[in-house]
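Structure record follows, encoded as structure tokens.
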């Protein structure tokens, strides 16, 4: 076992214990089905400790080389980058991962790897806004929407990553101007979740907002009739199709520095990008599969294909602190 | 944690905003408004059921405690869900929304403390006032309320510290408080050291607040009055005031419990599938009972030593109260840091699962001891100084006095403290989330997982079960207070 720990490329952990421990910030029922499918396929059990990404990071840090965690999983590249920066992930090389995960959706050093994608989309009220008025993220900062925009708090990591991608693409000054412009259009101080923003738009409280695509898809097929009606009143736009492409984030994982079963951890990562897992997980949580060759779930295909931004993923981490500072400066908390 | 807090570099300087200032203002506002609401609701309800007779009084006496079983974050989700624009005319949101949720969810702390205070008042003082021709309103303002003030103040202090420490509801309503500022510095800025500095400011404010409360209470000491105890005389309210009293108490119960519960029940039914909820339920019960017993032991030690007026005892009461005002995640991180430091020093091997669990119980004890100290202290207060002196004269040492005199007399209060601690830990989320073992979900963890994934339908069933699991101990608790009136039976 000690040998395996020194040799991350050492196959798929044949002589390691028959389980793998996850610290995961994803809490989806879909994930539990995935663990069961992995165990059925390989005989390796998955034990999970779910939690908040920032707190799990502190737990791994405090545990040091005594940690039980083999794999760290999070639904945001910025969070994965923080764990890497803390020196708590190890670099992995794997032909299966390199082949399965597009280059812009993984860490350049191989510290973390995406296995699903989520797009940051604009939601607008159909009876008040024309789609072409909200074709770009820039439009949300347009003075025509004064008092017409709702937004989630920028304490949330999706907002940080959205602004970080803008800093990477268009520079900090542009990002500050944009954030200040959107802030000036707020109808209320940021509150509630992505879903709450969609509902506020549907209820006529605002004309547009910014959310992850799958929250809209979930409302479309909700068990609650009121939520389905809300989804029917709004439209979804993949922004910036004519320019840099829509901002995309990943769910991903990385093998921890002090993993006791690094081979098992790698085996699970490889499984996550396999045909079987990709076909299973993406539809369950209505995320986009990481591999372009896999067909997304029907309700995602119905949204149409779109152009993604192409920036190195670690930019979301590198610009995170600056993004937070900008949000603070313009008063978007 | 304090070590972290003293590291150099202000949070504001590096963030280019006024996080600390805005957080302090936000906390002050929501603590004052929410706390005032809770005192208004709790104290008036306690007075009505203790000293008046009106339709439904007997039922309201225990129903009024029920909202205690609902965590603030669950109430926050329920109220925004219920009043989401399009669903109702009023939207519960922002500062006023948060203050409302705190007041309606936390008033039972004031109610319990005030009711215990009214119940232990000398009937003679009240009757004397009546004989002298005072109206019920006069008796309330001039006699009952001043006599009950220390109890009400203690309940209010608990409520206000609970509000100051809350993160879930405050974040959901978009407030900037010291608590949300802690997590903003940590999550958004990735600056844990700055987060802990803000937490230290919160703790310092709690100490100042507490000292002020103690100072005010210290001056208001009352001589025991009559030692003859019997059932308190209750005013028969006229039909209209009686109806209004019932309406008031009914509204508290409806808004604090029935309405949000019904809404959660509807969501749970809509979703249908309960999932594997039995195991989390069992885990919650195991963790809460164990945690409550450990914390109770600490609370007893603190309360007894504080009564003996030792300096260390008084300091420990303050330390416990500080813990109550601190967000659970902050204390948990403090515990992690402590164990991490012990590991670096080579004292322990590493933070294994067992140590993490130890850290979890340590966090519960640090966070909630104050909630246990308060009822125990109230119970010990019934112990006359003469009794302790007699035991001393007869040569009983401090341990013997504690076990043969103090604890038997305070026994009903010990039960009350244990039940309150059980409910507190049942509702506790952040520390449990961070320090629990693998594949060990509690109800609160389940509810959080779904809610943070914005699946409110699935979150409804575990939230409802937290409420139901907390109900039984709360009902035992209220039954116990009625009996705990000295001199009866």
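The values are calculated or read from the model by the stated rules, or taken from the named source; none is laboratory data. Keep in mind that this is a model prediction, so the values were computed, not measured. Every residue, glycine among them, receives a Cβ derived from its backbone with ideal geometry; neighbour counts consider all protein chains shown.
Some points to look at:
- Across the stretch A:233-257, the qualifying residues are those that are touching a strand residue (DSSP E or B) at 6+ places or on another chain (Cβ under 7 Å) and either closer than 30 Å to residue A:17 by Cα or at pLDDT below 95 (or both), and the one among them that is nearest to the other protein chains (Cβ to nearest Cβ) is A:251.
- Exclusive hit being in contact with a helix residue (DSSP H, G or I) (Cβ under 6 Å, 6 or more places away or on another chain), modelled with pLDDT under 90 and crowded, with 18+ Cβ neighbours inside 10 Å, set B:99, B:11, B:45: B:11
- Lone unmet requirement of (1) within 14 Å of chain B (Cβ to nearest Cβ); (2) under 26 Å from residue A:71 (Cα atoms); (3) crowded, with 24+ Cβ neighbours inside 10 Å; (4) over 19 Å from the mean Cα position of the chain (by Cα) for residue A:260: (3)
- A count restricted to the stretch A:101-112 and to residues that are surrounded by 15 or more Cβ atoms within 10 Å (Cβ to Cβ) and closer than 22 Å to residue B:190 by Cβ stands at 4.
- Per-region count, the stretch A:130-150, residues surrounded by fewer than 18 Cβ atoms within 10 Å (Cβ to Cβ), touching a residue at least 60 places away in the same chain (Cβ under 8 Å) and more than 23 Å from the chain's Cα centre (by Cα): 1
- Count of the stretch A:151-186 residues which are outside any helix (DSSP H, G or I), within 13 Å of chain B (Cβ to nearest Cβ) and surrounded by fewer than 19 Cβ atoms within 10 Å (Cβ to Cβ): 2
- Hits in the stretch A:17-37 (condition: over 20 Å from the mean Cα position of the chain (by Cα) and either at the interface with chain B (Cβ under 10 Å from one of its Cβ atoms) or within 18 Å of residue A:261 (Cβ to Cβ) (or both)): A:17, A:18, A:19, A:20, A:21
- The stretch A:41-52 residues that are facing chain B (nearest Cβ under 7 Å), paired with ones that are in a helix (DSSP H, G or I) (beta carbon under 7 Å, 6 or more apart): A:48/A:35; A:50/B:449; A:51/B:433; A:51/B:434; A:52/B:433
- Residue that is nearest to residue A:287 (Cα to Cα) [pool: residues in the stretch A:212-232 that are more than 10 Å from chain B (Cβ to nearest Cβ) and crowded, with 19+ Cβ neighbours inside 10 Å]: A:213
- Residue satisfying all of: in the stretch B:172-191; facing another protein chain (nearest Cβ under 7 Å) and part of a helix (DSSP H, G or I); farthest from residue A:157 (Cα to Cα) among these: B:172
- Selection of the stretch B:273-297 for residues being crowded, with 21+ Cβ neighbours inside 10 Å and in contact with a helix residue (DSSP H, G or I) (Cβ under 6 Å, 6 or more places away or on another chain) yields B:280, B:284, B:288, B:291, B:292, B:295, B:296.
- Subset of the stretch B:429-485 [within 14 Å of chain A (Cβ to nearest Cβ), part of a loop (DSSP other than H, G, I, E, B) and in contact (Cβ under 8 Å) with a residue 40 or more places away in the chain]: B:429, B:436, B:437, B:438, B:440, B:441, B:442
- Residue A:91 vs. criteria at pLDDT 95 or above, surrounded by fewer than 20 Cβ atoms within 10 Å (Cβ to Cβ) and more than 9 Å from every other protein chain (Cβ to nearest Cβ): yes
- Any hit, the stretch A:73-89, residues being under 30 Å from residue B:346 (Cα atoms) and more than 22 Å from the chain's Cα centre (by Cα): no
- Considering each residue of the stretch A:60-83 in turn, none proves to be on the phi > 0 side of the Ramachandran plot, more than 13 Å from chain B (Cβ to nearest Cβ) and not in a strand (DSSP E or B).
- Flag for residue A:317 being within 13 Å of chain B (Cβ to nearest Cβ) and crowded, with 18+ Cβ neighbours inside 10 Å: yes
- Among the residues of the stretch A:202-241, those identified as closer than 26 Å to residue A:146 by Cβ and more than 23 Å from the chain's Cα centre (by Cα) are A:202, A:203, A:204, A:205, A:206, A:207, A:230, A:233.
- Elements of the type helices (runs of 4 or more DSSP H) sitting completely within the stretch B:65-169 and holding at least 1 residues that are within 20 Å of the chain's Cα centre (by Cα): these cover B:72-83, B:94-119, B:145-165.
- Just one of (1) buried (at least 24 other Cβ atoms within 10 Å of the Cβ); (2) farther than 12 Å from residue A:254 by Cβ fails for residue A:98. It is (1).
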